Amino acid sequence: MPTKSNEDSNSNPNPSPNKSDRPVLKKSRTIADETRSTPNFPGPLFPAVRRISTTPASSHRLPSDPRTSIDNDPLAHHGIGFSDRDWLFPSFLGPHAARNRVSVNTVSKPQQQDGLSRSHSRGRLIGSNSGGERHNVVDSLRRIGPSLPEEKREAEKEVKAARLQLLAASLSSASSGTQSRARIGRRSKSSLIFYLLTSTCILSIFYATYLQNRVAELQEEITNLHRLCSDKDVHNDNAEVFPLEDKSSFSYFSNADGRTVALYTVLFTLVIPFVLYKYFDHLSPIKNLSKRAKNNKEEVPLKKRIAYMVDVCFSVYPYAKLLALLFATIFLIGFGGLALYAVSDGSFVEALWLSWTFVADSGNHADRVGTGPRIVSVSISSGGMLIFAMMLGLVSDAISEKVDSLRKGKSEVIERNHILILGWSDKLGSLLKQLAIANKSIGGGVMVVLAERDKEEMEMDIAKLEFDFMGTSVICRSGSPLILADLKKVSVSKARAIIVLASDENADQSDARALRVVLSLTGVKEGLKGHVVVEMSDLDNEPLVKLVGGELIETVVAHDVIGRLMIQCALQPGLAQIWEDILGFENDEFYIKRWPQLDGLRFVDVFISFPDAIPCGIKVAAEGGKIILNPDDEYVLKEGDEVLVIAEDDDSYAPGPLPEVRRGLFPSYNDPPKYPEKILFCGWRRDIDDMILVLEAFLAQGSELWMFNEVPEKEREKKLTDGGLDISRLENIKLVHREGNAVIKRHLENLPLETFDSILILADESLEDSVVHSDSRSLATLLLIRDIQSKRLPTKDTKSNNLRHSGFSHSSWIREMQKASDKSIIISEILDSRTRNLVSVSRISDYVLSNELVSMALAMVAEDKQINRVLEELFAEEGNEMRIRPAECYIFDQEETCFYDIMIRGRQREEIVIGYRLAGADRARINPSHKSEPRKWSIEDVFVVISSVE
């Protein structure tokens, strides 16, 4: 009767313990209330949720018979095979409501089918029971299994799976609980040990104090007894023994003498640090204070935090180590004095003094007597040796750091009116050389180099120059010109000139870096005393740098200077040596100075007023300092005007009385007409479009420019157009493109090398980042061209070589330079000055132009920024230029006259004669001395003049 059995079970929710009841099963699922049913939740998200019960739970007991059924299932009465399937409740939905437990009774075989579903709905409850009861239920399920339909067997499998999951969850929770209890037990044990140790130490101190005071009192009593017994005048009946007072331990401690307190203070102070270090992180109040973050942030142990704070303190504060050492010394003296006072008979002040002597000199403790004083004195001496070792280490580190700072160039430069060079490049050597020569007249100067290199490396590279700086000091500092602190370190605001060198990167990167350096210089709060000379790599980037720097900025475009000089030297052979003499400070150069005594004179009179200089122009004060080269003879100097001259040094010339000159007749010479020329460019430069424009201005109509390089022809036209060159507007020259490699001989043999008037070997753009590779390529091209020419013109080339090696002993210097009918004149661009010297000595090239000319121009502009205007006009295709004239323009053959007369004849041609080269001489003479002395001239001599562009 299953109904009656259910009623009995419900009426007795708390059965007697004497009955053979099974343990109450734990609730582990969510099932429906008996009174109502809710629809199932299909789908994969909630596969285990059916109903939620809100009725309170009750205890039931299971029958002993393993064949069980569950009554009170409303679905079983509606003919459903099994009802209220025991679904697993998903854990992410939180805690679930309990359900009323139902009793299970034994049923007969006919009732098995009807009670089967109920037995399945309670399967998980059975699974959570004890082990033996689980086996009984499993056996019953196995016995009734073969008679069940297929769907009921599937339900049985689900029940078993749910039971196994519950068992695993219970085991996991039990394991985590055990681990948690173990951790709590270990923490409690550690805390207990710590507190027990601390209490033992404190009690030991009190007990030891009590014992020592007890011993002291007993000794005092013995002393009194001995005194009484030894007194002869005292009768026995009058003898009196002083009783001891009963005192507690706290009374003993309070009446203890100072030495005892000092002794145990020392012991306690020695023990406490070790205890604290061992159990620092177990102190809950300190542990709570050490937390920097409470909300799910990692907790850092206090020992690590203290070590980190000490490390930061030593790193941030430079004197922290010294203060820590001082504190340790004071603590050792005070602590050692307290210990000596506790074990010796002297006063506390005397003990402090002894402690200091032990710290200062470890041998002073040798005369101590007694075990306690010796132990304390040895400990103090050991601490003193450690402190002095640390002190020596700190002093040694400080000295080493200072020496390293000086060695690495970190100290400040205290100079005024010095020349500051920012950056490092291959031009630095020749630049330092030229600046040293310029400062020779004033006994030397100071040059400061700031670069992102090690100071020792810079000094070694400068020492390799093997050049006598003639009293000039070169100071190197390591740092970045982009950092204001490093600029202040080299006294940038007090420098009379600042030179910004281009880096060894490609042109765009180098100019971008130069722009950043200029921005850094404009950000100096103290301002700049001198001007800034910036070396640029690309002419197109020059306006931007001038826009940022303003009037203080003077730019020298290295590629543009070399390109224009190559063109001028190709059109006028021999001009390279003239430029080397004028740009360098070794010979004569440009100077500008005001001479008040010349005010009111005409320029034609000023022109011959300097015995040791040659005036070339006037700086007009009325026009804002504009410099006029080759002015009109009738120009009258006004107040404030300055004179531009070529002289050996700025203090080597002065105006004198006007000399007597003859203004006689001179030959009438007309300049020969220009003829078309054929020029070859080997290589591709980034400013080749500017060079083509210069050639367009200088060459006659019908000239040809052959361009031989590896750049494809279509790409060449695009690059030239992007550079601003309109090829269709070229009137005087015709571009002829040939594609090939200039270091491959068979490519060069396809060119008519013997037909060119001039050959320019350019430093290729693809190798501009590497000076060595660029020079190697240029040198290989030069050798190959010379070899091909020697085979095609063997006789003429041999003759040329003989003439060249004989020291230019031929009839005419100009004819030797202009060998258009014999062979081509080759102008080589060699960037490294060392390679340039090698090529010049071997005489395999007619002229070599290198970065040394750029260094000369930088040095000249650094000494006087006004000279940059002069150089810009002389390098340009318009205005005035440097030219070489034959002697027949000014004299008759074998005519005897002075140089002043030739200068006057040149003024009649609106030219300024600045020098000459005699036939058979190796070099030209600029600004010759003894200008008033007459001499015999040859028609084969040549003169160097400044004249306007025709």
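Derivation of every value follows stated rules applied to the coordinates shown; laboratory data play no part. Note that the coordinates shown come from a computational prediction; the quantities given were computed from them, not determined experimentally. All Cβ positions, even for glycine, are placed from backbone atoms using ideal geometry, and neighbour counts span all protein chains on display.
Which of THR357, THR371 has the fewest other C-beta atoms within 10 Å, and how do the rest follow up to the most?
Ordered from fewest to most neighbouring Cβ atoms within 10 Å, THR357, THR371 come out as THR371, THR357.
Separation between the CYS229 and ASP454 pseudo-spin-labels, each 7 Å from Cα along Cα→Cβ, expressed in nm?
Spacing of the two 7 Å Cα→Cβ label points: 8.6 nm.
Grab the other residues whose beta carbon is less than 14 angstrom from that of GLY423, score K and R as +1, D and E as -1, and report the net.
-3
Would you mind calculating the gained length between GLU933 and ALA216 on full extension (0.36 nm times residue separation, minus the Cα-Cα distance), in nm to one decimal?
Extra length from GLU933 to ALA216 when fully extended: 246.0 nm.
At what distance in nm do the modelled label points of THR371 and SER948 sit from each other, each positioned 7 Å from its Cα along Cα→Cβ?
Each label point is offset 7 Å from its Cα along the Cβ direction, giving 11.6 nm.
Note the full-extension length gain between VAL548 and ARG662 as 0.36 nm times their separation in residues minus their Cα-Cα distance, in nm to one decimal.
Gain in length upon complete extension: 35.7 nm.
Taking 30 Å as R0, compute the FRET efficiency from the Cβ-Cβ separation of ALA876 and ARG516 and round it to 0.05.
That gives a FRET efficiency of 0.55.
Would you mind computing, in nm to one decimal, how far apart the modelled labels at ASP633 and GLN577 are, each placed 7 Å from Cα along Cα→Cβ?
3.2 nm
Exposure proxy check: LYS410, LYS489, LYS427, LYS402 ranked by fewest other beta carbons within 10 Å?
LYS402, LYS410, LYS489, LYS427
Going by Cα centres, region 899-931 and region 481-517 are how many Å apart?
Cα centroid of region 899-931 versus Cα centroid of region 481-517: 41 Å apart.
To the nearest 20 debye, what charge dipole does region 605-739 have about its Cα centre, counting +1 at the Cβ of each Lys and Arg and -1 at the Cβ of each Asp and Glu?
Rounded to the nearest 20 debye, it is 740 debye.
Say the cut-off is 21 Å between C-alpha atoms; which of LYS402/LYS525; LYS525/LYS865; LYS427/LYS593; LYS433/LYS865; LYS489/LYS525 go over it?
LYS402/LYS525; LYS525/LYS865; LYS427/LYS593
Are any of the pairs LYS619/LYS931; LYS619/LYS936; LYS734/LYS791; LYS440/LYS494; LYS410/LYS464 more than 31 Å apart by Cα-Cα distance, and if so, which?
Beyond 31 Å between Cα atoms: LYS619/LYS936.
If you place +1 on the Cβ of every Lys and Arg, -1 on the Cβ of every Asp and Glu, and leave all else neutral, what size is the dipole of region 382-515 about its Cα centre, to the nearest 20 Debye?
In total the dipole reaches around 600 debye.
If each residue of separation counts as 0.36 nm, what is the full-extension length gain between TRP353 and SER199 once their alpha-carbon separation is subtracted?
Taking TRP353 through SER199 to full extension adds about 51.9 nm, to one decimal.
Could you compute the FRET efficiency for ASP650 and SER493, with r as their C-beta to C-beta distance and R0 at 25 Å, rounded to 0.05?
Computed FRET efficiency for ASP650 and SER493: 0.50.
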